[in-house]
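The values are calculated or read from the model by the stated rules, or taken from the named source; none is laboratory data. The shown structure was predicted, so the numbers you read here are calculated from the model rather than taken from an experiment. When we count neighbours, we look across all protein chains shown, and the Cβ atoms used for this are built from the backbone with ideal geometry, even at glycine. The accessibility values were calculated without ligands, DNA or RNA, using every heavy atom of the protein model including side chains. Shrake-Rupley method; radii C 1.70, N 1.55, O 1.52, S 1.80 Å.
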Amino acid sequence: MKTRAAVLRRMGVEPPYAQTKPLTIETIELDPPGRDEVLVRIGAAGLCHSDLSVINGDRPRPLPMALGHEAAGVVEEVGEGVHDLAPGDHVVMVFMPSCGHCLPCAEGRPALCEPGAVANGAGTLLSGARRLRCDDGSEVNHHLGCSAFAEYAVVSRRSVVGIDPALPLEEAALFGCAVLTGVGAVVNTARVPAGASVAVVGLGGVGLASLLGAAASGARRIVAVDLSDEKLGLARQLGATDTVNARDPEAAEQLRAMTGGGVEFAFEMAGSVRALELAYRATRRGGTTVTAGLPPPTAALPLPVVNLVGEERTVKGSYIGTCVPTRDIPRYVELYRRGRLPVDRLMSGRLRLEEINEGFDRLHEGKAVRQVVVF
């Protein structure tokens, strides 16, 4: 079948993207789902910094590639071997498929699935196949097993989680990346207890989701840190008790002073070494610094090792919020319904597919939290 999709053919194109148009809207061929795969009609797909980092070349991927990884939609067709989903079911996409058999999967850590990581790096589905083609027969790579900036997508059964159809798809889309990553970093990776003090550095969709997670976990103090006063204002509305503008050269010292020596848990969500350094400096003795940002592969963090040892610090990475998608997505959706995770407040705009380059301009400039392409 034919589908319209946003395809990236050149990385590192300079903004403004509204003019240089790194993403082209193309009609490409989509093969039917193979064994253990499903065809999904996309309802909504969110614009994330992980997409932007491919566009700007920070995280190189094989080209050409149909982008998009945070999405929700409706199952149209199931391939051989899929018995627990049927046409008409609503699903959220998860950008790390889990095979269920490798050592991390066996240990209950599907976010670290080894075959899933290999497939994502190669631009294929979990099976190793590609289902996207141009008219001349040349293959188009899949982005993180999803390629969701498209009207339709074929994905591995392991890349989707079924949800209640009562949840609007444009809200459901955010649960596949921003919510899983942000809330999961707080709940699963750091295991923040009630009454703890927390700082969140970087208030994009993932950072604000982690702020929501800290509030839902009962943190007594939540300090939001960002370069944007507008985002700091939103953070206060969503539960931040204090805010610090990261442009202040004394931001870390200011945060330590207001919290009596630093916070117990600091989360870096900006994908920046400078942001991670600030988060580390803002963490108190014996505290934990968690990073879920994805800077370029060459980025390195210089750590004062004597400080790491002498103060019994912990530095942890968090990928997809250390999630178990089939467990966590339904839980977070239920918290949303109960008003504990106001995920809808993260949406800052709705776009048509043709407006996607302009949307990435706003994301690049820090003027948006979560924009959603609605089909």
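Under 17 Å of direct C-alpha separation, and excluding same-chain neighbours fewer than eight residues apart, residue 231 reaches these lysines: 367.
Peptides 159-169, 79-89, 104-114 ordered by packing proxy, namely the average of other Cβ atoms within 10 Å per residue, highest first: 159-169, 104-114, 79-89.
Using a cutoff of 8 angstrom between alpha carbon atoms and counting only pairs six or more residues apart, the relative contact order for the chain works out to 18 percent. Computed with a 1.4 Å probe on the full set of protein chains, the accessible area for residue 259 sits at about 20 Å².
The share of accessible area on segment 83-127 that comes from carbon and sulfur is 59 percent, using a 1.4 angstrom probe.
By the gyration tensor of its Cα atoms, with a ≥ b ≥ c the square roots of the eigenvalues, what is the shape of segment 80-191: rounded for a/c under 1.5, prolate for a/b over b/c, or oblate?
Verdict is oblate for segment 80-191.
Dipole size in debye (nearest 20) for segment 1-158 around its Cα centre, Lys and Arg Cβ +1, Asp and Glu Cβ -1? Walk me through the numbers before you get to the answer.
Details: 15 positive and 20 negative charges, 68 e Å.
In debye, rounded to 20, segment 1-158 gives about 320.
In loop segments of segment 143-209 as defined by DSSP, the trypsin sites (Lys or Arg not before Pro) with at most 15 further C-beta atoms inside 10 Å of their C-beta are 191.
When the Cα positions of 261, 245, 188 are compared along the charge dipole of segment 185-284, 188 comes out farthest toward the positive end, with charges on each C-beta of Lys, Arg, Asp and Glu.
Ligands, DNA and RNA left out, the accessible area of segment 287-375 computed with a 1.4 Å probe is 53% carbon and sulfur. In summary, the aspartates and glutamates within cross-link reach of residue 21, defined as a Cα separation below 15 angstrom excluding same-chain residues under 8 places away, comprise 51, 354, 355, 358, 361.
Overall shape: rounded for segment 180-287, with the ratio a/c of the largest to smallest alpha carbon gyration tensor axis below 1.5.
Counting only protein heavy atoms, what percent of the accessible surface of segment 142-270 is carbon or sulfur at a 1.4 Å probe? The nonpolar share, carbon plus sulfur, comes to 48 percent. The distance separating the Cα centre of segment 57-109 from that of segment 240-259 comes to 39 Å. Only beta bridges with both residues in the chain are counted; by DSSP, about 55 percent of them are antiparallel. Per residue, segment 91-232 exposes 31 Å² of solvent-accessible protein surface, assessed with a 1.4 angstrom probe and all protein chains in place.
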